[in-house]
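The values are calculated or read from the model by the stated rules, or taken from the named source; none is laboratory data. Small disclaimer: the values here were computed from a predicted structure and weren't measured. With ideal geometry, Cβ positions are generated from the backbone for all residues, glycine too; neighbour counts draw on all protein chains shown.
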Amino acid sequence: MPVLTPTYDIANVRLRFASRCIANLTASRISRDRVRKIRFFQPDSYLSVDYASQEVEGWRLVRSGVERPRIEGGPIPVEREEPLKRELEDFVRAARAGTTALVDGAAGKRALVLATKIAEKMESVV
């Protein structure tokens, strides 16, 4: 949606995958806050990954049959590193060893195809 410029400043997308997984994506070029989060919801659990602060939290509903259900969880320890550095190290490792990188070209192409479809759909709505 154009807000401050003639091009898209904010986009909200809901994706439904063949696996029945649903992803809600929001991207904004004009937000005051830099948010880099992904959240996973399951019937009895929730996981939040904050890429900007490199923090992870996990919560789950615990049922004991006798007591009322309770929520347990909290921060999950993670090893903090610079993401671009790790990406480049993985690429160099794969190139030297002649193996496949963790995220290979095929995965990158699939992501690009999906992003292109989303952009085309956005253009057709306006």
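Here are the numbers:
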quantity: Qualifying residue in segment 20-37 (condition: loosely packed, with under 11 Cβ neighbours inside 10 Å, acidic (Asp, Glu), under 20 Å from the mean Cα position of the chain (by Cα) and not in a strand (DSSP E or B)); calculated: yes
quantity: Any chance Leu47 is of a type in the set (A, V, I, L, M), under 17 Å from the mean Cα position of the chain (by Cα) and either assigned to a strand (DSSP E or B) or assigned by TED's automatic domain parsing to the domain that holds Ala23 (or both); calculated: yes
quantity: Pair list, Cβ < 6 Å and 6+ apart or interchain, from segment 73-98 residues that are in the same structural domain as Leu61 (by TED's automatic domain parsing) to residues that are hydroxyl-bearing (Ser, Thr, Tyr) and surrounded by fewer than 10 Cβ atoms within 10 Å (Cβ to Cβ); calculated: none
quantity: Residue within segment 52-75 that is surrounded by fewer than 11 Cβ atoms within 10 Å (Cβ to Cβ), assigned to a strand (DSSP E or B) and small (Gly, Ala, Ser) present; calculated: yes
